[in-house]
Every structure is written in structure tokens, then in C-alpha cells.
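*Asks:* This is the structure, below, for whatever I ask next.
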There are 2 protein chains.
Amino acid sequence: MSLPHVIIVGGGFGGLTAAQSFKRSPVRVTLIDRRNHYLFQPLLYQVAMAGLSPADIASPIRSVLAKQKNVTVLLDQVADVDLGRKAITTETGARLDYDFLILAAGAKSDYFGHAEWEQFAPGLKTLTDATEIRRRVLLAFELAEREADEARRRWLLTFVVIGGGPTGVELAGALRELSQYVLARDFRRIDPTEARVILMEGGPRVLASFPEDLSQAAVRQLGELGVEIRTGTRVTDIDAHGVAFQASQDSPAERLEAANVVWAAGVRATRLTGKLGLPIDRAGRVSVREDCSLPGHPEAFAIGDMAAFTGEDGKLLPGVSPVAMQQARYTAKLVTRAVREGKPLAELSHEKFRYFDKGTMATIGRSRAVAESGRLRLSGFIAWLAWLFVHVWYLIGHRNRVAVLLTWAWSYVTYERGARLITGRVDAIHPDTEQPAPALPAPTPSRALPTDGARQEERTSEPLRSPQPSH
Amino acid sequence: MSLPHVIIVGGGFGGLTAAQSFKRSPVRVTLIDRRNHYLFQPLLYQVAMAGLSPADIASPIRSVLAKQKNVTVLLDQVADVDLGRKAITTETGARLDYDFLILAAGAKSDYFGHAEWEQFAPGLKTLTDATEIRRRVLLAFELAEREADEARRRWLLTFVVIGGGPTGVELAGALRELSQYVLARDFRRIDPTEARVILMEGGPRVLASFPEDLSQAAVRQLGELGVEIRTGTRVTDIDAHGVAFQASQDSPAERLEAANVVWAAGVRATRLTGKLGLPIDRAGRVSVREDCSLPGHPEAFAIGDMAAFTGEDGKLLPGVSPVAMQQARYTAKLVTRAVREGKPLAELSHEKFRYFDKGTMATIGRSRAVAESGRLRLSGFIAWLAWLFVHVWYLIGHRNRVAVLLTWAWSYVTYERGARLITGRVDAIHPDTEQPAPALPAPTPSRALPTDGARQEERTSEPLRSPQPSH
């Protein structure tokens with residue numbers, strides 16, 4: 001019973017892969033996560049856009065690991081790590097000693113010091129984030145349908161996505177698709193296809209981590225969908241009314257009024273890295289050595305989005321799932337060898353971790369995507385097929401794969417979305433902040449709610465009766 | 001453009017059926033609901049028990065009615081009805097005039113004057129209710145897994161269902177199934193099969209609306225699953241610790257400590273009935289005439305759970321979906337005739353509404369159910385097959401049918417549940433109430449969290465270190 005104890009913090013791509021890699025190792029493993037489910041993050045935007053249900057892309061961690069008897073799963077949050085005494089403590093006050101530690105707690109949305117923006121511009125990291133964005137987006141169309149004021153209707157149907165990385169590009173494309181194809185037929189007074197989607201990116205181009213020609217392909221495909229792209233644009237403020245920004249350096253501040261702003265601009269390692277007593281970089285990542293271990297603590301490792309690992313080329317490895325999973329397998333193998341050979345890790349000669357980059361891809365919408373793998377560069381339908389295949393393949397659990405494929409096939413053929421549910425509050429987009437200014441004006445009596453054929457007239461007939469959405 | 005205007009309040013079984021029944025009628029219809037989705041209530045317990053996803057049993061109302069161009073759907077809540085002036089006002093201040101009104105806003109959980117019980121014993125009427133119950137139930141097992149105190153572990157794994165009608169019976173059966181088959185393999189320190197489920201019913205038998213032999217069949221099948229049934233039991237109090245009750249009249253009050261209590265004991269018509277200026281009964285229902293119209297207002301109707309309709313036998317029709325749907329079709333037909341013939345409803349000679357009872361059924365778990373239709377009475381596997389067929393058949397939308405069937409087939413074969421997600425707070429069962437007494441005690445350091453082989457020892461080794469969950 002005194003097998004060496006491995007604690008894994010986090011049940012995402014890295015943590016779960018690490019646990020599974022210990023399947024035949026003579027260790028006992030405790031995996032701690034503050035959520036009960038593993039989440040297939042690359043498809044999270046599909047939940048936010050009502051394409052998939054939360055259960056389609058998430059599985060209970062303990063269910064995934066049920067048959068692996070050397071793993072215990074605990075729902076808890078790690079509060080502190082004592083690297084010297086080799087112990088962790090949790091939020092509920094439990095203390096656990098370890099022989100080996102693998103930190104894989106990932107990252108969360110980062111607002112670059114503007115935490116107050118989060119309430120107006122939710123990020124997309126958890127299922128709760130995704131269903132909240134879904135609520136806000138779908139609710140905007142509902143509120144617009146019963147809105148008599150033209151300016152407010154425009155405000156409700158304007159969506160800003162901040163951040164031109166893969167998540168931002170996927171969200172922006174999916175938003176236009178939702179309004180153009182899915183919702184178009186369902187409303188009587190508004191025309192959902194007129195919804196504006198603006199993608200703002202601080203750098204000079206979207207998908208900056210991709211080769212330049214694929215960036216251009218993405219811009220072209222986004223344009224086909226009707227997404228407005230603003231690169232080189234620095235966001236200076238976000239509130240309940242919209243976004244303030246500078247279109248370029250030294251240009252004056254402008255405003256864009258939008259009921260919905262989604263944040264896809266940056267992530268930061270979870271707070272835990274700050275408690276290790278080790279240097280962290282600007283994104284909160286802790287520097288690790290060539291074997292993913294923490295400096296001075298060969299038995300403690302950090303992998304995935306928590307770790308700053310310097311690759312062969314002197315650059316940091318990107319925060320993508322293949323890095324976390326490869327580091328997980330490497331680390332588990334190293335620990336297993338140390339246990340089997342009965343040697344301390346420091347005395348074990350071993351090769352350093354090498355990341356094998358299989359390529360990256362981003363989807364832009366139905367039949368639209370970009371992908372690169374080595375010298376291969378794809379865009380359009382063929383890239384989308386590759387994206388589809390890879391993502392379904394890697395989804396954990398056979399049931400999920402079938403359910404997702406079925407849902408996609410259905411959506412592809414019918415342009416429908418199965419998960420268009422608004423749960424939670426339906427009175428306002430920003431429930432806790434919207435009371436003062438942008439509360440919905442009372443529609444004009446009766447006439448404001450015509451029930452047929454009034455779409456065109458309605459648009460121009462009503463003078464502004466309420467304060468503009470913002471000033 | 002001046003077609004007669006029909007307002008339908010509520011998009012459940014009654015309201016949606018009414019809207020669809022106006023498909024070829026020369027009227028314009030406005031359907032108002034405060035939720036954006038139609039909900040297939042009979043399967044709601046499956047969402048609460050992690051068997052189905054919300055999107056599997058719900059469809060956006062406007063999507064269902066997208067092709068019916070004479071219907072406008074509004075997401076709003078009706079605040080008041082002015083029967084004299086034939087107008088309604090909504091929470092957002094809109095006022096709409098009608099020529100015909102169909103009230104079909106349904107019912108909500110009723111706590112018999114004890115509104116304070118709701119926070120401890122959520123009812124099961126909405127998707128939010130269902131995912132909240134799912135959160136609490138799944139969380140109880142998670143908290144038990146990391147709990148060192150035997151008494152608190154028992155408390156966490158005790159579930160009380162109040163109300164022995166179909167919903168209560170289905171919930172109780174599904175809870176035992178969840179613990180016995182689904183969760184059994186996934187935990188290391190607790191044995192989920194030891195979870196207690198107690199079904200409390202005030203009357204002398206469960207499923208009181210069914211024939212007595214089917215009640216007995218249900219009791220037998222619940223017993224096979226391990227559900228403890230307490231009939232003739234009156235609940236006197238519910239708090240964060242559990243339930244106080246009287247086992248029979250004049251017997252002293254007893255207590256049962258349980259972390260989870262679910263309310264399935266009663267429903268009450270939505271508040272709207274109280275604003276009509278007409279008499280309502282104890283369950284908040286407004287009495288309607290033989291043609292479902294409100295007394296003195298032949299152009300205004302109330303159907304489904306809002307209405308007290310006296311049937312042929314002098315008894316009120318039950319609050320089940322077939323009543324609402326048949327009343328909806330009847331009412332729509334009546335209105336359509338009046339419009340086509342150009343006569344006021346009061347002058348239209350018409351037959352009174354007659355309810356055709358096709359039968360009722362309740363499921364108790366995998367392969368277990370009871371059903372009656374006319375003289376036919378079924379129980380066990382054959383009743384379950386009938387239940388399955390009828391429920392999938394009536395689920396709106398082909399996609400949902402396929403998804404539900406697939407999910408069920410998968411669950412049946414593998415004993416898995418796809419939707420075992422805890423979203424929202426994970427620190428306490430009753431987030432806003434649990435701070436004082438039943439906050440989780442800190443587990444004992446290290447030893448309190450063994451990671452393998454410790455299940456048996458753990459159960460008896462730990463003296464009580466924290467206050468009992470209740471006294």
C-alpha cells in the first residue's frame with residue numbers, strides 16, 4: 001500500500017493524459033480538479049453558439065478513469081503547494097503528501113489588468129462561460145424582436161469579438177453563421193441576417209500563429225461570411241454599452257456600441273503558479289526545465305498552459321493541447337522509470353522533452369477552415385473536413401463522438417441548431433450591470449408589437465423614444 | 001392586415017398546440033412566453049438525473065413555429081390581463097390588444113404556503129430546476145467521496161423525494177438507478193450503491209391517480225430498486241439538514257437528515273389567474289365554462305394547468321398534458337369557426353369540450369413502469385416499452401427523437417449517463433444557506449484522503465470530528 005504517490009492537479013488535456021499514462025505504473029495517483037468534468041475545449045465555441053450541448057463535449061473525469069483502479073479523483077481546488085515538504089493543501093483544508101507532483105491546472109481568460117471588463121465581455125474557458133455567452137447572444141435577438149427603437153435594435157444586433165486568434169476567429173465566423181442561416185427564418189420583425197459581427201485584433205493580422213497566406217485565407221473566408229475585421233486595433237475600455245478602442249496608434253479613441261462583447265484576447269496561467277515561490281512570466285507561467293520539472297524540484301512538474309517551456313528554437317511552446325498532452329506522456333514516463341529503477345529523478349539520466357508539432361487548424365464556419373501540418377497548408381472545404389475529422393477523433397468517449405457527428409450532420413443538412421436554449425435570466429443581457437442606462441425602453445403600446453407584415457414599416461416608423469444605448 | 005388577433009399566453013403543451021392549430025386560420029397569432037423554449041416536461045426528470053441533456057427535451061418555440069407565418073413569438077412575461085378592455089400588458093411595459101385570448105401559462109411548484117422550503121427542496125418544473133437538482137445530486141456524491149466523517153457521509157448520500165405522484169416516483173426510481181448502476185464503479189472511497197432514497201407521500205398510496213393494483217405494482221418495482229416508501233407521511237418542515245415529518249396523524253414529529261430533498265408534492269397555477277378578477281380554487285386555477293372560456297368573457301379561454309374544468313363525472317380534469325392539448329385544439333377550432341362565420345362566440349352554438357382519456361403511465365426505471373389505457377393495465381417491461389414509445393413519439397422535432405433514442409440505447413447497454421456535469425457552484429449543496437451549520441468539515445490531514453484500498457477501513461476508523469449535520 002505504500003506505492004509512491006503521484007498528485008496531478010487539473011483534469012484537462014494535460015492532467016487527464018498524465019493520469020492515463022500511469023495506467024500500468026506501480027504508483028497510486030490522485031487527480032484533483034475543481035470541476036467534475038473533462039472539457040474538450042476546442043469545441044467550446046460550439047456550445048456558446050448553440051450548436052452542441054455541454055454534455056456533447058464534456059465527460060465526468062471519474063467516469064473516464066473509472067476502470068483505472070490506481071487513480072482516485074477528488075473534486076476540490078488546490079489552494080497551495082509546499083514544494084519543500086512535498087505536500088499540497090486544498091480549499092477545503094485537506095493536506096496531501098506526494099512523492100511526485102504534476103501541475104496541469106491550465107489557464108483562464110486574462111483581461112490585462114482590467115478585471116472589471118469580464119462582466120461585460122465574458123471569456124470562453126468553461127461550460128458556464130459557454131452557456132452564459134449562449135444566453136446573451138440568443139437573448140439579444142429575442143430582445144431585438146420586441147424592440148421598437150431602431151437604435152437599440154442595432155445595438156442589440158451588434159456583436160464584438162475581441163482577439164483574432166483561433167477562438168476569436170471561430171466565434172466570429174460562428175456568430176455570423178448563426179444569424180445568417182440558423183436564425184434567419186425564425187423572426188418576424190427583425191432580420192437576423194443584418195446582425196453585425198466585428199472581430200478586433202490588436203496585432204497586424206488574425207491567426208498570427210499561422211503562416212501569412214493562411215491568415216489571408218482566413219480573412220477571405222471571414223469576409224465571405226460577412227465578418228468585419230479590424231486589425232491593429234487596441235481596446236481601451238469595455239462597458240455595458242460597448243467597446244472603446246483606438247483604430248491605430250496615436251489615433252483618437254472611438255466607440256462601438258454593442259450589446260454583446262466576447263473576450264478571446266488572452267489567457268493567463270491559474271493563480272497556483274504564483275504560489276510556488278518561483279519566477280513567473282507575464283502570462284503567469286512558471287519556467288520549467290528541459291524535463292518539464294520545476295527548478296530545484298526534480299520531482300515536481302508543470303505542463304501545458306501553466307508552464308513556460310523554451311523549445312528548440314528558443315521560443316516558448318504555444319498554449320495548445322498537443323503540447324500539454326505530449327508533456328504529460330513524457331512526464332509520466334519519466335516518473336514511472338524513476339519508480340521502476342528505484343532512483344531519484346535527479347540521478348536518472350534522461351532525454352529532454354521535445355515537442356513534435358503535428359500542425360494546427362482553425363475553423364471559420366460551415367465548410368470553411370485553415371490548417372497547416374509541416375509543409376502542408378490547406379484552406380476552405382478540405383481544411384474543414386480535416387478539422388472535422390481531427391476534432392471528432394480526439395473527442396473522448398464513443399458516445400460523444402456519435403452524438404457530435406449526428407448533431408453536426410443534422411445541422412449541416414438542415415441549418416438548424418439543437419441547443420438554442422436560453423436558461424437563466426431573460427430580462428437583460430448584463431443582469432447585474434444594466435439597470436442604470438441600457439434597460440430596455442418600454443415598447444410603444446400595441447402598435448409597437450405588430451404581428452405580421454410590419455417588418456419594413458416598423459424599421460422606419462418609430463421615432464427614438466428612449467435614450468440612445470450609450471454616450 | 002386587420003385579421004383578428006389571437007394572443008396565446010404560454011408556450012407549453014397547451015399554448016404551442018393552440019398556436020399550431022391556427023395554422024390555416026384567418027387570424028394572426030401572438031404567442032408570449034417568458035422562456036424561449038418549449039419543454040417536454042415528462043422527460044425533465046431525466047435531465048435532473050443526468051440521463052439527457054437540456055437540448056434533448058427542449059426546442060426553441062420560434063424554431064418550432066418558424067414556418068407558420070401567421071404566428072409571432074415574443075419572449076416576455078405577461079404582467080396583467082384586462083378582460084374588459086381585451087388587452088394584456090407585459091413585464092416590459094408593452095400593451096397588446098386582442099380579439100381572442102388563450103391563457104395557457106401552466107403551473108409551478110407549490111409549497112403549500114412554505115415558500116422558504118424551496119431553497120432546500122427544489123421542485124422540477126424548468127430546465128434550470130433540472131440542472132440545479134443535477135448539480136446538487138452529483139455534488140453530494142463528490143462531497144461524500146472526500147468526506148472523512150461517517151455521519152456526514154451518510155447525510156450526503158441520503159435523498160428524500162417528497163410527493164408520490166408520477167414525478168416523485170420517477171425521480172425516486174431514477175435516483176436509485178443512478179447510484180446503483182451508473183455511479184457504482186466510479187468512486188473509490190464511498191459505495192454509491194449504499195445511497196438511501198426515501199419517497200414520502202402524504203396520502204395512503206403512491207400514484208393515487210392510478211388504479212390500486214398499479215399502485216401496488218409501482219411499490220413492488222420501487223422496492224426492487226431499493227427505494228424506501230413512506231406513505232401517510234406529512235412533511236412539517238424542511239431545512240438545510242433534512243426533513244421533519246409526522247409518520248401518521250397524532251404521531252410525534254420525527255426527523256430525517258438528508259443533504260438532498262426534492263419537491264414533487266404539488267403544483268399551483270401561475271400567478272396570472274389571480275389577476276383576472278375571477279374566483280380561483282385552492283390550487284390557483286380559474287374555473288372555466290364548458291367551452292373552456294372564462295365566465296362572462298366568451299372570447300377569453302384558459303386551458304391546461306391554469307384551468308379548473310369540471311369533467312363529465314363532476315370531477316376536475318387532471319393536470320396532464322393530454323388535457324391541455326385537447327383543450328387547445330378545441331379552443332382553436334372554436335375561435336376559427338367564429339372568425340370564419342363572422343359571429344360573436346356567444347352566438348355560436350357549439351358542443352362543450354369533452355376530454356378523451358387515452359390513459360396514463362409512469363416509468364420507474366430501466367425496464368420498469370406502470371401504464372393504463374381504458375381497461376388495459378400494464379406493468380414491468382411491457383409498460384416500460386409502451387412508455388418509451390409514447391414519449392419518444394411525442395417529443396417534438398425529429399432530431400430530438402433520434403438524439404434521445406440514441407442516448408437511451410447507449411445508456412441501456414452501457415449503464416452510462418452522458419450528462420453527468422456539475423456546472424455552477426461546487427462548494428456546497430445549498431450555496432446560499434449552508435454557511436452556518438452544515439459547511440463541510442475540514443477533512444483530517446493527509447490520512448483523511450487515502451487514495452486506494454482504504455474504502456473499508458475508512459468507514460469505521462474516523463471518530464466524529466465535526467458537528468453532526470443536524471440535531
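The values are calculated or read from the model by the stated rules, or taken from the named source; none is laboratory data. Note that the structure is predicted; figures quoted are calculated from it, not measured. Cβ coordinates were reconstructed from backbone atoms using ideal geometry, including for glycine residues, and neighbour counts include every protein chain displayed. These accessible areas exclude ligands, DNA and RNA; they are computed on the full protein's heavy atoms, side chains included. Shrake-Rupley method; radii C 1.70, N 1.55, O 1.52, S 1.80 Å.
*Asks:* Taking a label point 7 Å out from Cα toward Cβ, give me the nm distances from A:Arg425 to the same spot in the other copies, shortest first, one decimal.
*Replies:* Taking the point 7 Å beyond Cα along Cα→Cβ, the inter-copy spacings are 1.6 nm.
*Asks:* Can you give the convex hull volume of the alpha carbon atoms of region B:1-55 per residue, in Å³?
*Replies:* Details: hull volume 5.0 nm³, N = 55.
It is 91 Å³ per residue.
*Asks:* Continuing with this model, one more query. Post the alpha-carbon centroid distance, region B:170-205 to region B:1-40, in whole angstrom.
*Replies:* 40 Å
*Asks:* Let me ask something else about it. Can you give the accessible area of A:Lys125 in Å² (nearest 10), computed on protein heavy atoms with a 1.4 Å probe?
*Replies:* 40 Å²
*Asks:* Another question about this same structure. With θ set to phi - 60°, apply the Karplus curve 6.51 cos²θ - 1.76 cosθ + 1.60 along region A:170-175 and write out the HN-Hα couplings as whole Hz, x wherever there is a Gly or Pro.
*Replies:* For region A:170-175, the Karplus-derived couplings read 5, 5, 4, x, 5, 5 Hz, x marking Gly and Pro.
*Asks:* Students sometimes get this wrong: rank A:His37, B:His114 by accessible area, probe 1.4 Å, all chains present, largest first. Walk me through the numbers on the way to the answer.
*Replies:* On the way: A:His37 10, B:His114 65 Å².
The ranking, largest first, comes out as B:His114, A:His37.
*Asks:* Going toward the positive end of the dipole of chain A, with +1 on Lys and Arg Cβ and -1 on Asp and Glu Cβ, which of A:Thr72, A:Ala94, A:Tyr111 do you reach last?
*Replies:* A:Thr72
*Asks:* Just tell me how shielded A:52-62 is by partners: mean number of partner chain Cβ atoms within 10 Å of each residue's Cβ, no decimals. Write down the numbers at each step before the final one.
*Replies:* Numbers: counts 2, 9, 7, 13, 5, 0, 5, 4, 13, 1, 9.
For peptide A:52-62, the averaged partner shielding equals 6.
*Asks:* Counting protein heavy atoms only and a 1.4 angstrom probe, how many square angstrom of accessible surface do chains B and A bury in total, to the nearest 100?
*Replies:* Details: alone 21840 and 21860 Å², together 37910 Å².
Approximately 5800 Å² gets buried when B meets A.
*Asks:* Right, next: Can you list the distances in nanometres, one decimal and ascending, from the B:Ala253 label point to the identical position in each other copy, with the point 7 Å along Cα to Cβ?
*Replies:* Once sorted, the set of distances for B:Ala253 reads 6.0 nm.
*Asks:* Could you tell me how far the Cα centroid of region A:78-93 sits from the Cα centroid of region A:249-281, in Å?
*Replies:* Centre-to-centre distance over Cα atoms comes out at 28 Å.
*Asks:* Set the Förster distance to 25 Å, then compute FRET efficiency between A:Trp393 and A:Ser367 from the Cβ-Cβ distance, nearest 0.05.
*Replies:* Values: r = 19 Å, r/R0 = 0.75.
Approximately 0.85, to the nearest 0.05.
*Asks:* Tell me, for the rotation carrying B onto A, which chain B residue has the beta-carbon closest to the axis and what that distance is in whole Å.
*Replies:* Per the B/A rotation axis, the closest residue of B reads B:Ser53, 2.
*Asks:* Continuing with the same structure: For chain A, compute Rh as the Kirkwood radius over C-alpha pairs and then the Stokes-Einstein diffusion coefficient at 10 °C and 1.306 mPa s; write the answer in µm²/s, rounded to an integer.
*Replies:* In µm²/s, the coefficient is 66.
*Asks:* Label-point separation (nm) for B:His114 and B:Arg337, each offset 7 Å from Cα along Cα-to-Cβ?
*Replies:* Label-label distance for B:His114 and B:Arg337, simple model: 4.7 nm.
*Asks:* Any idea what the alpha-carbon Rg over 2.2 N^0.38 Å comes to for the protein assembly as shown?
*Replies:* Ratio of Cα Rg to 2.2 N^0.38 Å: 0.99.
*Asks:* Taking a cut-off of 13 Å, what percent of all Cα-Cα pairs in region B:179-227 are separated by more than that?
*Replies:* Working: 757 of 1176 pairs.
Tail fraction, whole percent: 64.
*Asks:* Based on Cα positions only, what radius of gyration and what Dmax would you give for region B:108-240, in angstroms?
*Replies:* 15.2, 46
*Asks:* Relative contact order for region A:212-317: what is it in percent, counting Cα pairs under 8 Å that are at least 6 residues apart? Kindly include the intermediate steps, with their values, before the conclusion.
*Replies:* Values: 126 pairs, mean separation 13.4, N = 106.
Reported relative contact order: 13 percent.
*Asks:* Give me the log10 of I(q) over I(0) for region B:2-124 at q = 0.11, 0.18 Å⁻¹, as the Debye formula computes it from C-alpha points; what are the numbers?
*Replies:* -0.45, -1.00
*Asks:* Now for a different question. Give me the percent relative contact order of region A:69-130, please, defined on Cα pairs under 8 angstrom at least 6 residues apart.
*Replies:* 17 percent
*Asks:* Quick check: net charge around A:Thr233, other residues with Cβ under 14 Å of its Cβ, Lys/Arg +1 and Asp/Glu -1?
*Replies:* Details: positive: A:Arg205, A:Arg230, A:Arg234, A:Arg255; negative: A:Glu201, A:Glu228, A:Asp237, A:Asp250, A:Glu254.
In short, -1.
*Asks:* Taking a cut-off of 27 Å between Cα atoms, list the lysines near A:Lys352, but don't count ones fewer than 8 places away on the same chain.
*Replies:* A:Lys352 reaches A:Lys23, A:Lys86, A:Lys275, A:Lys315, A:Lys333, A:Lys343.
*Asks:* Going by Cα centres, region A:296-321 and region B:336-406 are how many Å apart?
*Replies:* 59 Å
*Asks:* About its Cα centre, how strong a charge dipole does the protein assembly as shown have in debye, to the nearest 20, once Lys and Arg get +1 and Asp and Glu get -1 at the Cβ?
*Replies:* Computed about the Cα centre, the dipole is about 2060 debye.
*Asks:* Just need the relative contact order of chain B here, percent rounded to a whole number, with Cα pairs under 8 Å and 6+ apart. Don't skip to the end; give the middle numbers.
*Replies:* Working: 925 pairs, mean separation 93.1, N = 471.
Averaging sequence separation for qualifying contacts and normalising by length gives 20 percent for chain B.
*Asks:* Please give the length that would be gained between B:Leu3 and B:Ala151 if that part of the chain were fully extended, namely 0.36 nm times their separation in residues minus their C-alpha to C-alpha distance (nm, one decimal).
*Replies:* On the way: separation 148, 0.36 × 148 = 53.28 nm, distance 6.69 nm.
Stretched fully, the B:Leu3-B:Ala151 segment lengthens by 46.6 nm.
*Asks:* Let me ask something else about it. If you take the beta carbon distance between A:Arg220 and A:Ala247 as r and set R0 to 30 Å, what does 1/(1 + (r/R0)^6) give as a FRET efficiency, to the nearest 0.05? The partial results should precede the final answer.
*Replies:* Details: r = 22 Å, r/R0 = 0.72.
Between A:Arg220 and A:Ala247 the formula returns 0.90.
*Asks:* Under 13 Å from the Cβ of A:Asp33, count the other residues' Cβ atoms, weight Lys and Arg +1, Asp and Glu -1, and hand me the total. Each step should come with its number before you reach the end.
*Replies:* Details: positive: A:Arg34, A:Arg35, A:Arg62, B:Arg146; negative: A:Asp76, A:Glu91, B:Glu142, B:Glu145.
Net local charge, A:Asp33 excluded: 0.
*Asks:* Where in chain A lies the longest segment free of GluC sites (Glu not before Pro) that are both loop residues by DSSP (not H, G, I, E, B) and have at most 11 other Cβ atoms within 10 Å? List each step's numbers first, then the result.
*Replies:* Working: sites that count: A:Glu312, A:Glu351.
The longest such stretch corresponds to A:1-311.
*Asks:* How many partner chain Cβ atoms sit within 10 Å of a residue's Cβ in peptide B:142-154, on average, as a whole number? All intermediate terms of the calculation are to be shown ahead of the outcome.
*Replies:* Working: counts 7, 3, 0, 6, 9, 1, 1, 0, 0, 0, 0, 0, 0.
That works out to 2 on average.
*Asks:* A further question follows. Just tell me how shielded A:31-41 is by partners: mean number of partner chain Cβ atoms within 10 Å of each residue's Cβ, no decimals. Don't skip to the answer; put the middle values down first.
*Replies:* Values: counts 1, 2, 1, 2, 4, 10, 5, 0, 1, 0, 0.
Mean number of neighbouring Cβ atoms from other chains: 2.
*Asks:* Put a label point 7 Å from Cα along the Cβ direction on A:Arg375, then list its distances to the equivalent points in the other copies in nm, shortest first.
*Replies:* Computed spacing set for this position: 8.3 nm.
*Asks:* To continue, here is another question. In nm, give the distance between the simple-model label positions of A:Arg85 and B:Leu316, each being 7 Å from the Cα along the Cα-to-Cβ direction.
*Replies:* Label at A:Arg85, label at B:Leu316, 6.3 nm between them.
*Asks:* Does region B:305-409 classify as rounded, prolate or oblate by the C-alpha gyration tensor (a ≥ b ≥ c root eigenvalues; a/c under 1.5 gives rounded; else a/b over b/c gives prolate, otherwise oblate)? Walk me through the intermediate numbers first.
*Replies:* Working: a/c = 3.57, a/b = 1.81, b/c = 1.97.
Judged from the Cα gyration tensor, region B:305-409 comes out oblate (a/c at least 1.5, b/c at or above a/b).
*Asks:* When a/c reaches 1.5 or more, the comparison of a/b and b/c decides; with that in mind, is region B:308-350 rounded, prolate or oblate per its Cα gyration tensor? Please list the in-between numbers first.
*Replies:* Working: a/c = 4.20, a/b = 1.95, b/c = 2.15.
Note, shape of region B:308-350 comes out oblate.
*Asks:* Given R₀ = 35 Å, what would the calculated FRET efficiency be for B:Arg234 paired with B:Lys352, taking r from the Cβ atoms and rounding to 0.05?
*Replies:* Working: r = 38 Å, r/R0 = 1.09.
That pair, B:Arg234 with B:Lys352, gives E of 0.35.
*Asks:* Working with all protein chains in place, sort B:Leu378, A:Leu138 by solvent-accessible area computed with a 1.4 Å probe, largest first. Write down the numbers at each step before the final one.
*Replies:* Working: B:Leu378 40, A:Leu138 15 Å².
Largest accessible area first, the residues go B:Leu378, A:Leu138.
*Asks:* If B:Trp410, A:Trp387, B:Trp393, A:Trp408 are ordered by their accessible area, calculated over protein heavy atoms with a 1.4 Å probe, which sequence runs from highest to lowest? Provide the component values of the computation, followed by the final result.
*Replies:* On the way: B:Trp410 85, A:Trp387 5, B:Trp393 150, A:Trp408 30 Å².
Putting B:Trp410, A:Trp387, B:Trp393, A:Trp408 in descending order of accessible area: B:Trp393, B:Trp410, A:Trp408, A:Trp387.
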